[in-house]
Amino acid sequence: MKSNFQIPYRFKKIFYHRDARNDELTRRVQEYFPHLPAEAVYREEDFLQMIQKIPLTEGKRYLWLTRYKGDFIKYCPGATQTAQTYRCCNYLVINEATNCPIECSYCFLQGYVTNPAMTIYTNYERIQEELRRLSASNPGRILRVGTGELTDSLALDPILRISEKLAATAADLPNILLEMKTKTNHVDHLLEMPYRRLVISWSVNPEWIVRHVEHKAAGLKQRLEAMKKTCDAGFLIGLHFDPIIYYRHWKEGYAELIGHLREAVSPDRIVWISLGSFRTPPALKENIRLRFPRTPILAGEQIKGRDGKMRYIKPMRAQMYRFIYQRLIEAFGKVYIYFCMESRDLWEAVLGQSPSHSGTVDYSFARSLYHKFPELGFPQPDVELYQRDIVIQQAHRVHVLWRSPETAPIEGRLLKQRMSF
Ligand code: SF4
């Protein structure tokens, strides 16, 4: 059935792998864009060879529909690559699509994707299977799993309706909390569905940054209106202050933003708020300069972190985090706030305490969810369980997504008593 929703992005052509020609998502895309030429691809290598010659900005205007052959659910790269250096939270990601029709100047995909086409994986049923296995393999543990790792979760969702399919699966599972992350206002189709155990999250920045940096994303006013609608409709809301960007009037900008957010969203519905400063691999900076020569995001003194990424210097990060954290507490009271990929000393400088490793952060998330949202029916978190590995069972094998660092049980018990965030 054709949706009435008009997405604000322009595409040139649809390519689909012949194996995906009869898949529901391929049909949905073709029905939504009946005017676009569509071409079947018989050999993926031929398509990739052709598309890789096209620059990213142009390449994003081609839709590529294909089946994903690997595992959809993975551990967040932040932890597998940098867990010893930065505190992570055992978040799991679903790569349901790769690339994005939005054009944020800071987007890491600019230095990551080799195929510039907007790629949609049509075999979403495999994601549903993986969610079921993940849930069954980790009983008693609350698992936070999010789409939108390599795309915007809702940019094309009014056409594809992947959120609804995954939310229906998660609704039957006792321990999965799904998160959709977006910079759009594409929420009307979500309001029609019966599932509410779903976190709709927005990446937020001051109006000035949205206008000068987050090209083709929804304006701040539109995002706030969408937040209010979803909040009023009973969904859980997440807010990501990520990336926090330094600019001349950052204090006024972030203070004003938090004021607007407080008007749009009730603290009762907020599951979590993340803080993460702008960070980028050095090579990506060159890409950014080439694609967005007038971007203001490269201001502010930066150093190379232990993970090789460029970050603002520590005193600047601490100052920005403290300012935003304080305003958030004043506006929202006791909400769950955490840092994304930050070092132990930054946690301590702002919150006065720091988690010893990812399992500790994971446990504190679970505890917060269990106590704040009893209606979700999640299992009561046991701290010992969160010191163990997360396991996923694929069709013919079992593998561990996350290896817990060696942690003395006594430390877990102490944390159980002390952790308050
Ligand atoms: S919305 Fe996310 S994925 Fe899309 S361009 Fe912006 S940062 Fe990249």
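For Ala233 and Leu173, what is the calculated FRET efficiency with R₀ set at 30 Å and r taken between the beta-carbons, to the nearest 0.05? Kindly include the intermediate steps, with their values, before the conclusion.
Numbers: r = 22 Å, r/R0 = 0.72.
That gives a FRET efficiency of 0.85.
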Exercise. Arg388 to Asp188: extension gain in nm, 0.36 nm per residue of separation minus the Cα-Cα distance?
Worked result: 68.1 nm
Exercise. Which one of Asn175, Trp208, Ile94 is farthest out on the positive end of the charge dipole of the chain, using unit charges on Cβ (Lys, Arg +1; Asp, Glu -1) and the Cα centre as origin?
Worked result: Trp208
For this session: Note down the magnitude of the dipole of the range 23-62 about its Cα centre, charges +1 on Lys and Arg C-beta and -1 on Asp and Glu C-beta and zero elsewhere, to the nearest 20 debye.
Result: 180 debye
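If we sort 280-287, 161-168 on the protection proxy, mean other Cβ atoms within 10 Å, highest first, what's the order? Write out the running numbers ahead of the final one.
Working: 280-287: 15.5, 161-168: 19.9.
Result, highest mean Cβ count within 10 Å first: 161-168, 280-287.
Can you give the % of DSSP beta bridges in the chain that are antiparallel, to the nearest 5? Numbers along the way, then the final one.
Values: 17 of 54 bridges.
The antiparallel proportion sits near 30 percent.
If you filter the range 95-131 for chymotrypsin sites (Phe, Trp or Tyr not before Pro), then keep DSSP loop positions with at most 16 other Cβ within 10 Å, what is left? Write out the running numbers ahead of the final one.
Details: sites: Tyr106, Phe108, Tyr112, Tyr121, Tyr124; in loops: Tyr106, Tyr112, Tyr124.
Those that pass, being in a loop and sparsely packed, are Tyr112.
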Problem set entry | Amide proton proximity set for Val391, modelled H, under 5 Å, gap of 5+ | Leu401
Seminar exercise, completed: trypsin sites (Lys or Arg not before Pro) in the range 320-368 lying in a DSSP loop, each with at most 10 other Cβ atoms within 10 Å of its Cβ, come to none
For this session: Identify, among Tyr386, Tyr68, Leu298, the residue whose Cα sits farthest towards the positive end of the charge dipole of the chain, taking +1 on the Cβ of Lys and Arg and -1 on the Cβ of Asp and Glu, with the dipole about the Cα centre.
Result: Leu298
Seminar exercise, completed: Of the residues Ser153, Ile120, Leu198, the Cα lying farthest along the dipole of the range 95-212 towards its positive end, which is defined by charges on the beta carbon of Lys, Arg, Asp and Glu, belongs to Leu198
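If I stretch the segment between Asp307 and Glu24 completely, what's the gain in nm (0.36 nm per residue apart, minus their alpha carbon distance), one decimal?
Working: separation 283, 0.36 × 283 = 101.88 nm, distance 4.05 nm.
Roughly 97.8 nm would be gained on extension.
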For this session: Enumerate the calculated ³J(HN,Hα) couplings along the range 22-32 in order (Karplus 6.51 cos²θ - 1.76 cosθ + 1.60, θ = phi - 60°), each rounded to whole Hz, writing x wherever the residue is Gly or Pro.
Result: 9, 6, 4, 5, 5, 5, 4, 5, 5, 5, 6
For this session: Report the charge-dipole magnitude of the range 87-184 in Debye, nearest 20, computed about the Cα centre from +1 at each Lys and Arg Cβ and -1 at each Asp and Glu Cβ.
Result: 300 debye
For this session: Starting from the Cα of Glu125, step 7 Å along the direction of its Cβ; do the same at Leu36; then give the gap between the two resulting points in nm.
Result: 2.4 nm
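Report the extension gain between Tyr9 and Lys74 in nm, rounded to one decimal, defined as 0.36 nm multiplied by the number of residues separating them, less their alpha carbon distance.
Numbers: separation 65, 0.36 × 65 = 23.40 nm, distance 2.86 nm.
My answer for the length gained is 20.5 nm.
Hey, what did the range 180-303 get for relative contact order, percent, Cα under 8 Å, at least 6 apart?
Working: 164 pairs, mean separation 35.1, N = 124.
28 percent.
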Exercise. Label points 7 Å out from Cα along the Cβ direction at Glu45 and Lys251: separation in nm?
Worked result: 6.0 nm
Exercise. Under a plain spin-label model, where a point goes 7 Å from the Cα along Cα-to-Cβ, how far apart in nm are Lys221 and Ala299?
Worked result: 2.4 nm
Exercise. Over the range 220-350, what is the percentage of antiparallel beta bridges among all DSSP beta bridges, to the nearest 5?
Worked result: 35 percent
For this session: Take the alpha carbon gyration tensor of the range 15-84, find the square roots of its eigenvalues, order them as a ≥ b ≥ c, and report rounded if a/c is under 1.5; if not, report prolate when a/b exceeds b/c, else oblate.
Result: prolate
For this session: May I ask which of Lys74/Lys334; Lys251/Lys285; Lys251/Lys372; Lys229/Lys372; Lys334/Lys372; Lys181/Lys229 have a Cα-Cα span longer than 19 Å here?
Result: Lys74/Lys334; Lys251/Lys285; Lys251/Lys372; Lys229/Lys372
For this session: Could you list which residues have their amide H under 5 Å from that of His215, counting only those 5 or more apart in sequence or on another chain, with H placed in the peptide plane?
Result: Glu103, Cys104, Ser105
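Loop-only check: which GluC sites (Glu not before Pro) in the range 212-264 are DSSP coil with at most 14 other Cβ within 10 angstrom? Before the final figure, lay out each step's value.
Numbers: sites: Glu214, Glu225, Glu252, Glu256, Glu263; in loops: none.
Answer in residue order: no site qualifies.
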For this session: Hey, can you grab everything whose amide H is under 5 Å from the amide H of Glu179? Only 5+ residues off in sequence or another chain; H modelled, so Pro and N-termini drop out.
Result: Val145, Gly146, Thr147, Val199
Exercise. In whole Hz, what ³J(HN,Hα) sequence does the range 56-68 give by Karplus (6.51, -1.76, 1.60; θ = phi - 60°), x for Gly and Pro?
Worked result: 4, 4, 6, x, 5, 8, 10, 9, 10, 10, 7, 8, 8
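Quote the relative contact order of the chain in percent (integer), defining contacts as alpha-carbon pairs under 8 Å separated by 6+ residues.
Details: 753 pairs, mean separation 66.3, N = 421.
Dividing the mean separation by the residue count of the chain yields 16 percent.
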For this session: Could you grab the relative contact order for the range 1-77? Cα pairs under 8 Å, six or more apart, rounded to a whole percent.
Result: 43 percent
Exercise. Under unit Cβ charges (Lys, Arg +1; Asp, Glu -1), what dipole magnitude, rounded to 20 debye, does the chain have relative to its Cα centre?
Worked result: 720 debye
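Only the coordinates and a few stated rules stand behind these numbers; no lab work does. Because the structure is a prediction, the values reported are computed rather than measured. Here Cβ is always computed from backbone atoms with ideal geometry, including for glycine, and neighbour counts include all displayed protein chains.
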